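Here, each number is a calculation from the coordinates, and none is a lab measurement. No experiment lies behind these values; they were computed from the predicted model shown. We place every Cβ from the backbone using ideal geometry, glycine too, and count neighbours over all the protein chains shown.
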Amino acid sequence: QKEVEQDPGPLSVPEGAIVSLNCTYSNSAFQYFMWYRQYSRKGPELLMYTYSSGNKEDGRFTAQVDKSSKYISLFIRDSQPSDSATYLCAMRNSSASKIIFGSGTRLSIRP
Amino acid sequence: EAGVVQSPRYKIIEKKQPVAFWCNPISGHNTLYWYLQNLGQGPELLIRYENEEAVDDSQLPKDRFSAERLKGVDSTLKIQPAELGDSAVYLCASSFTPDREETQYFGPGTRLLVL
């Protein structure tokens with residue numbers, strides 16, 4: 001079993017819809033949770049960074065962490081065609097440890 | 001400000017040949033990472049440098065892979081000899097440390113195809 005599980009998709013939704021992307025994990029020591037966006041033939045870019053449980057909002061993006069369920073989510077409101085990309089969840093335990101990435105979910109926003 | 005620069009962007013080689021990838025991190029970033037990303041997978045760390053020191057190379061296949069960051073700035077990752085299974089995207093990233101959020105900035109990657 002992988003430490004981080006992520007549905008690969010693809011996920012296709014109409015423009016303006018609310019998108020929900022999710023990851024589950026098995027290592028209860030994970031404390032830092034991240035979401036990266038990766039466009040085709042580009043490197044990942046950090047979207048959201050959350051420490052421990054709770055919600056964090058940044059514009060149209062909201063990250064949620066539920067450590068009791070070992071479950072994290074990224075919500076995208078008012079989705080735009082420019083949001084079409086692969087979204088990678090990532091997490092780590094301490095500040096000195098390596099980041100473990102999910103396999104990514106491919107998202108397509110239809111105009 | 002320039003981002004992380006990687007070259008070449010694409011490389012096609014025959015198996016058993018050597019290959020090298022180059023990375024120049026964002027100016028002032030003392031931590032540099034090399035990742036391997038297979039198709040449909042997330043990046044996997046190969047090696048992490050803090051300045052010139054390789055502080056985590058536990059996932060680097062040392063029989064055929066090597067890396068260096070001699071002056072604590074740019075870095076080279078080498079594979080010798082390459083195998084078919086090495087076909088993947090090799091990503092370089094850099095960050096400031098210590099930085100609680102440890103935001104890593106990724107380069108565009110080098111796509112390697114081994115025939």
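Residues within the reach of a label modelled at B:GLN41 (point 7 angstrom out along Cα to beta-carbon, backbone nitrogen below 17 Å), restricted to segment A:5-42, are A:5-8.
By the beta-carbon count within 10 Å of each Cβ, the least crowded to most crowded order of A:SER20, B:SER94, fewest first, is A:SER20, B:SER94. Amide H to amide H under 5 Å from B:ILE47: which residues, 5+ apart in sequence or cross-chain, H placed 1.01 Å off N in plane? Counting only residues 5 or more places away or on other chains, the set is B:TRP34. Label sites at A:SER69 and B:SER58, each approximated as a point 7 angstrom past Cα along Cα to Cβ, lie 3.1 nm apart. Relative contact order for chain A: what is it in percent, counting Cα pairs under 8 Å that are at least 6 residues apart? About 37 percent, as a whole number. 3J(HN,Hα) along segment A:47-57: 9, 9, 9, 10, 9, 6, 7, x, 10, 9, 10 Hz, from the Karplus curve 6.51 cos²θ - 1.76 cosθ + 1.60 with θ = phi - 60°, whole Hz, x for Gly and Pro. Exposure proxy ranking for B:VAL55, B:VAL114, A:VAL13, based on other Cβ atoms within 10 angstrom of each Cβ and starting from the fewest, stands as B:VAL55, A:VAL13, B:VAL114.
Could you work out the relative contact order of chain B? I mean the mean sequence separation of Cα pairs under 8 Å and 6+ apart, divided by the number of residues, in percent. Let's see the in-between values first.
On the way: 287 pairs, mean separation 42.4, N = 115.
It rounds to 37 percent for chain B.
Sorted ascending by nearby beta carbons within 10 Å, beginning with the fewest, A:VAL19, A:VAL4 become A:VAL19, A:VAL4.
Using θ = phi - 60° in the Karplus curve 6.51 cos²θ - 1.76 cosθ + 1.60, the 3J(HN,Hα) couplings for segment A:75-83 round to 10, 10, 8, 6, 4, 10, x, 5, 7 Hz; x is entered for Gly and Pro. Give the calculated FRET efficiency between A:TYR39 and A:ILE18 to the nearest 0.05, with a Förster radius of 30 Å applied to their Cβ-Cβ distance. So the FRET efficiency works out to roughly 0.90. The residues packed around B:ALA20, meaning those with a beta-carbon under 11 Å from its beta-carbon, carry a net charge of +1 if Lys and Arg are +1 and Asp and Glu are -1.
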